[in-house]
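Here the structure comes first, spelled out in structure tokens, and everything after it is commentary.
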Amino acid sequence: MKPFSYARANDRADATSQAADDATFIAGGTNLLDLMKLEVMAPDRLVDINRLDLDAISETEDGGLRIGALVSNSDCAAHVRVRQVYPVLSRAILAGASGQLRNKATTGGNLCQRTRCYYFYDTAMPCNKREPGSGCQALQGFNRIHAILGASDACIATYPGDMAVAMTALDAAVEIESAAGEVRLVPVRDFHRLPGDHPEKDNILEAGDLITAVILPPPVKGRQIYRKVRDRASYAFALCSMAAVVEMDGDRIASAGLAFGGLAHKPWRDEAVEALLVGEKPNAALFGRAADQLLAEARGYGSNDFKIALTRRVLIAVLTEATQEGAAA
């Protein structure tokens with residue numbers, strides 16, 4: 001492992017100023033430390049932010065929730081308010097890593113976790129995300145877990161998380177503080193980037209930016225579902241996952257928030273699919289059209305061709321469950 005320096009941040013201003021000077025934040029370290037051991041990432045300096053006051057969950061003035069960036073995944077999933085009114089978020093987190101990892105993983109760190117592409121982790125292989133301009137081995141290699149939406153010739157890796165998929169469906173926002181002390185809110189759906197020509201950039205964070213919280217809007221009515229399809233029953237990343245927040249008005253769909261994981265470089269949300277559903281009576285033909293819309297530009301790369309049919313089945317199954325008569329509010 002490459003030698004590095006280590007410091008503890010005393011407050012947010014101290015943390016952001018050090019990060020602006022080319023330091024890397026560390027909180028739980030559940031992804032960063034693995035990458036450092038493999039020399040995929042080799043930061044010169046680490047700034048420990050665990051002493052900052054970012055580990056609380058509190059209600060907002062409008063009835064939503066503010067989840068501090070240092071709240072552990074375990075604490076977030078177990079929080080009574082999350083379980084009661086944002087169950088899709090609790091279920092998504094619990095569908096993720098082992099209990100030991102959830103105890104250490106943080107809200108902010110989970111959003112920033114990096115792809116699990118095999119070639120990204122193998123420093124002997126070319127990877128544009130790890131070394132821009134070197135090429136993408138996954139395009140012609142083994143790409144079973146890779147993207148079918150939003151990819152580019154430079155990268156077909158996927159974002160691996162579950163939590164952000166549920167937050168995207170819930171219209172959550174990321175609170176970010178810059179080195180200049182300015183605070184901005186960015187919708188979770190806009191936090192991660194598509195690869196384009198710069199797959200080395202996972203998200204919109206700039207040097208010195210510190211995630212301070214995730215803001216959940218006031219609770220919405222309807223049924224919340226999180227479904228994750230993976231190669232084994234636990235502790236595996238999604239081949240396809242779906243978070244759905246669907247409200248019915250009598251026998252018609254009143255609103256739908258749908259987000260997908262395991263399909264793209266970011267949690268995937270297609271507003272055209274949701275618009276197609278709203279105001280309609282749920283039926284197999286409608287759900288088929290929604291799948292057609294979602295997958296209109298989907299592309300497989302060989303080993304992951306099956307994901308197109310799999311995603312269609314997941315979408316139809318989740319929408320059927322969410323709109324069935326007697327679905328819980």
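The values are calculated or read from the model by the stated rules, or taken from the named source; none is laboratory data. Because the structure is a prediction, the values reported are computed rather than measured. Glycine also receives a Cβ, built like all others from the backbone with ideal geometry; neighbour counts cover every protein chain displayed. Just so you know, the surface numbers come from the protein's heavy atoms only, side chains and all, with ligands and any DNA or RNA stripped out. Shrake-Rupley method; radii C 1.70, N 1.55, O 1.52, S 1.80 Å.
Taking each pair of distinct Cα atoms in the range 39-86 once, what is the resulting Kirkwood hydrodynamic radius in Å? Taking the inverse mean of 1/r over all distinct Cα pairs, the range 39-86 comes out at 12.8 Å. Mean sequence separation of contacting Cα pairs (under 8 Å, at least six apart), scaled by the length of the chain, corresponds to a relative contact order of 18 percent. In a simple Cβ point-charge model (Lys, Arg +1; Asp, Glu -1; nothing else charged), the chain has a dipole of about 1180 debye relative to its Cα centre.
Counting only alpha carbon atoms, the long axis of helix 306-323 and the longest principal axis of the chain meet at about 60°. For the range 159-213, the convex hull drawn through the C-alpha positions has a volume of 84 cubic angstrom per residue.
Overall, the accessible surface of the range 1-123 at a probe of 1.4 angstrom is composed of carbon and sulfur to the extent of 47 percent. Counting only alpha carbon atoms, the long axis of helix 284-294 and the longest principal axis of the chain meet at about 30°.
Nearest-5 percent of antiparallel DSSP beta bridges in the range 1-73? Here the antiparallel bridges make up roughly 30 percent for the range 1-73.
Over the range 190-254, the ratio between the Cα radius of gyration and 2.2 N^0.38 Å evaluates to 1.61. For the set Lys221/Lys266; Lys129/Lys221; Lys37/Lys201; Lys37/Lys266, the pairs lying more than 32 angstrom apart at their alpha carbons are Lys129/Lys221. For a modelled paramagnetic label at Lys104, 7 Å from Cα along Cα-to-Cβ, the residues of the range 20-42 in reach, with backbone nitrogen under 17 Å, are 25-41.
Summed over all non-identical Cα pairs, the Kirkwood treatment of the range 273-329 gives a radius of 12.3 Å. Computed over the chain with a Gaussian network model linking Cα atoms closer than 10 Å, the most mobile of Gln18, Gln293, Gln100 is Gln100. All C-alpha pair distances within the range 9-55, sorted into 10 Å bins from zero, spread as 28, 50, 22, 0 percent across the bins. One way to sum up the overall shape of the range 1-115 is the equivalent ellipsoid from its Cα gyration tensor, whose semi-axes run 28, 18, 10 Å, largest first.
Within the chain, DSSP assigns beta bridges of which about 85% are antiparallel (rounded to the nearest 5). Counted over the range 233-288 with a bin width of 5 Å, the fraction of Cα pairs per bin, in whole percents, is 4, 17, 24, 22, 14, 10, 7, 2.
Using a probe of 1.4 angstrom and keeping all protein chains present, the accessible surface of the chain works out to 44 square angstrom per residue. The orientation-averaged projection of the convex hull spanning the C-alpha atoms of the chain amounts to 16.3 square nanometres.
Across the alpha-carbon atoms of the range 90-223, the computed radius of gyration and Dmax are 16.1, 50 angstrom. Relative contact order for the range 183-246: 22 percent, from Cα pairs under 8 Å spaced at least 6 residues apart, divided by residue count.
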